[in-house]
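Notes follow the structure.
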Amino acid sequence: MTKPMNQPTNAVPRRQIRALYDDQTIAVYQAYSPEIAGPAVAAGTFVPPFGLHRMTWIKPSFLWMAYRSGWATKPGQTRVLRIHLTREGFEWALTHSCLSHYDRKHHPDESAWRAALRESPVRIQWDPEQTLHLKPQPDVRSIQIGLAGEAVPRYVHDWITRLEDVTTEMQEIHALTRTDSEAARSRLPAERPYPLTDAIAQHIAASPFD
């Protein structure tokens, strides 16, 4: 049985994608204002006023979304959406990505990284994963994926299979963190390591290629 990834453990690789997924889809999270989230949930994908010409960041980690949105309390981030994507689309994004920061262990030199950054429609960031109480885990990273250019219409029109509003779920877990941590932890999504080919793992600097 897979150990719940949201519990700190030295066994978790430093850079690993952990997510809700099945044979066909993978879930990511975004938080928006009601003006964007409401029409999106009704339509089953993003529609105006969501813009196709701005970078949009998707996050497989529920707790990182909780951190980023302040448990769905920050202005413009009061509605949290769980977005189910095709795995094919998700892996297209990873394959067409570039790390958002220069890494001398991963890139031949800074000029090569800058060239890749200009050409890639997807950005990859590895940020500290969060604990249940939103404390950063310094030795465990969570992936954030920024979509721009051609990746955004692909995301909106081709990859999304359904949207869920999980704002209430997030608020209930937040309330439990104040009174019963174990009950809160039991309510977290059962995220597990997402399988990557060696080529994709190396491309995005996932462990063991970090």
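Quick notes on this one:
- Under a model in which nothing but the beta-carbon of Lys, Arg (+1) and Asp, Glu (-1) is charged, the chain shows a dipole of about 420 debye around its Cα centre.
- By the beta-carbon count within 10 Å of each Cβ, the least crowded to most crowded order of K105, K135, fewest first, is K105, K135.
- Euclidean distance of C-alpha centroids, segment 105-127 and segment 62-102, integer Å: 19 Å
- Rounded to the nearest 20, the Cβ-based charge dipole of segment 109-210 about its Cα centre (Lys and Arg +1, Asp and Glu -1) stands at 100 debye.
- Only one residue of A190, Q171, P153 has its Cα farthest out toward the positive end of the dipole of segment 119-210, where Lys and Arg carry +1 and Asp and Glu -1 on Cβ, and that residue is Q171.
- Here the relative contact order of the chain, from alpha carbon pairs under 8 Å that lie six or more residues apart, stands at 33 percent.
- Helix-only mean residue ellipticity at 222 nm for the chain, each DSSP H run of n ≥ 4 adding -39500 (n - 2.57), per residue, nearest 500: -8500 deg cm²/dmol
- Tail fraction, Cα-Cα pairs, the chain, threshold 32 Å, whole percent: 15 percent
- Close Lys pairs in the chain (alpha-carbon distance under 21 Å; sequence gap of 8 or more, or different chains): 5.
Values in this text are rule-based calculations from the coordinates and carry no lab data. Just so it is clear, the model here is predicted, and its values are computed rather than measured. Because the Cβ atoms are built from the backbone with ideal geometry, glycine has one as well, and the counts that use them run over all protein chains shown.
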